[in-house]
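Below: one structure, written as structure tokens.
A short reminder: the numbers here are calculations on the coordinates, not readings from a lab. Remember, it's a predicted structure, so these values are computed and weren't measured experimentally. Backbone-built Cβ (ideal geometry, glycine too); neighbour counts: all protein chains shown.
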Amino acid sequence: MAKSQFSVPRLARVRKAMEGAVERVEVPGVVTLVSRKGETHVDAVGRASVGGEKVRRNTIFRVSSMTKPITAVAALVLIEDGRLRLDDPVDPLLPELANRTVMRRWDGPLSETMPASRAITVRDLLTFRMGFGIPMAMPDSTPIQREMTRLKLGQGPPTPWTPPPPDEWIRSLGTLPLMQHPGEGWAYSTGADVLGVLIARASGMPFERFLEERIFGPLGMVDTAFEVPSSKMVRFTTAYWTNPMTGTLDVYDDARTGQWSRLPAFPSGAAGLVSTVDDYLAFAQMLMDGGKAGRERVISRPSVELMTSDQITPQQKASPTAFPGFFESHGWGFCVSMATRREDFASLGTYGWNGGLGSIWRNDPKEGLVAILLSNASWASPAPPAVCVDFLTAAYQALSD
């Protein structure tokens, strides 16, 4: 009989930690998964909506920014197909982003600009070095942020019904100056949305269809999409956020009538997908296995290694638009972060990303560990909330060796 990869008594601490989060009303419901060398354990605790049905293993959640790594893999598929090149300018496929100007100060007047030092490349989009992104500042506190809001370009929690269709979205983005020269510094998120438009144009098909044909279908990710059809709505959660004034969980997006009940005009490569814990495991395990799932190869092993390697220089990490303090212990690859300094239980090189509407994913290649948490309560800050910290702690302490 093969030795278990996890300590059964210690695995119980994962569930106990999640039960505590539900009892403290930090989250209405949560599904967790730990998987190691073919052994997988899943726990489901709480409710899909306050007072509603219990969450189950196949409950569907909004994974928000955990969409980004999937978008990166889609871009790598096209690079391996020969339809894109990492260091080629995006101008031929995205002429709206040609001949950029750059603000003299990212938080300054939009009229004070200079010509960009070079064109934006595919690598810039994948590594969030395109020169444009969501600033780490209060919403609408600078001229560029106010224009982003006016043009419905997205700079806060996902709102699928807000952005216009891809061609209009990229045209609007092209009317704004960059915050920095391409390649100069790191700025969050927007690069992944631009990638979605680029992937559609390079592949000749809608972004959502490309994901279905080249990633979701081969991996058997049957519940991952930009919308939840009526036939699956019974498994979908209501999303909540913590009201800072009252401390209560208020509805952010209702399941049946909310913004994932139909396909949006702009399928967001940065934050638009819904998924289940088993679907996301299929994606995570494919990366852990070097780009392969059974007989299906989605991308090559070298592509996975490149995607999960730190691509950001110290100068780029010092960008005024970067997360304060984040890069002291982390690097950034292609739409994923990785541990560059051991500051908790995760091994050096552990990679993954988070979803601000309540999810977290980590692959630890040294330990062979995949850890995924999906919940229906959004984060209150960029730092992982207690429920995520407690989950990862419990996952590592449960390893049997």
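Write down Rg/Rh for the range 151-236, rounded to two decimals, with Rg from the C-alpha atoms and Rh from the Kirkwood relation over Cα pairs. Walk me through the intermediate numbers first.
Numbers: Rg = 15.5 Å, Rh = 15.2 Å.
Radius of gyration relative to Kirkwood radius: 1.02.
Indicate the helices, whole DSSP H runs only, in the chain that combine a mean Kyte-Doolittle hydropathy of 0.5 or more with a Cα extent along their long axis of 18 angstrom or more. Write out the running numbers ahead of the final one.
On the way: long enough: 8-23 (23 Å, -0.17); 67-81 (22 Å, 1.10); 190-203 (20 Å, 1.11).
Within the chain the helices that satisfy the rule are 67-81, 190-203.
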Just the C-alpha atoms of the range 305-362: what Rg/Rh do they give, with Rh taken as the Kirkwood radius? 0.95
The answer for the net charge of residues other than Phe345 whose Cβ lies under 15 angstrom from its Cβ, with Lys and Arg +1 and Asp and Glu -1, is +1
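Kirkwood Rh over Cα pairs of the range 306-401 into Stokes-Einstein at 10 °C, 1.306 mPa s: D in µm²/s?
113
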Net length gained if the chain between Asp87 and Lys54 were fully extended (0.36 nm per residue, minus Cα distance): 7.1 nm
Under 19 Å from the Cα of Lys3, which aspartates and glutamates turn up, not counting those fewer than eight places away in the same chain? Glu39, Glu367, Asp401
Could you compute how fast the range 72-203 diffuses translationally, taking Rh as the Kirkwood radius over C-alpha pairs and applying Stokes-Einstein at 4 °C with viscosity 1.567 mPa s? Give it in µm² per second. 87
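Could you work out the equivalent-ellipsoid semi-axes for the range 17-112, taking the square root of 5 times each eigenvalue of the Cα gyration tensor, largest first, in whole Å? Write down the numbers at each step before the final one.
On the way: eigenvalues 358, 108, 28 Å².
Each semi-axis is the square root of five times an eigenvalue, giving 42, 23, 12 Å.
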What number, in percent, do you get for the relative contact order of the chain if the mean sequence gap of Cα pairs under 8 Å and at least 6 apart is divided by its residue count? 25
Tally Lys and Arg at +1 and Asp and Glu at -1 over the other residues with C-beta under 15 Å from the C-beta of Pro384: what net charge comes out? -3
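How charged is the neighbourhood of Phe326? Take every other residue with its Cβ under 13 Å from the Cβ of Phe326, and add Lys/Arg as +1 and Asp/Glu as -1. Mind dumping the intermediate values first?
Working: positive: Lys317, Arg341; negative: Asp310, Glu328, Glu343.
Taking every Cβ under 13 Å from that of Phe326, the sum is -1.
Filter Lys37/Lys292; Lys152/Lys232; Lys317/Lys366; Lys37/Lys366 down to the pairs with a C-alpha to C-alpha distance above 18 Å, please.
Lys152/Lys232; Lys317/Lys366
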Just want the ordering: Leu281, Leu110, from fewest to most Cβ atoms lying within 10 Å of their own Cβ. Leu110, Leu281
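Rg/Rh for the chain: what does it come to with C-alpha atoms and Rh from Kirkwood? Show your work: numbers first, answer last.
Working: Rg = 20.3 Å, Rh = 21.4 Å.
Rounded to two decimals, Rg/Rh equals 0.95.
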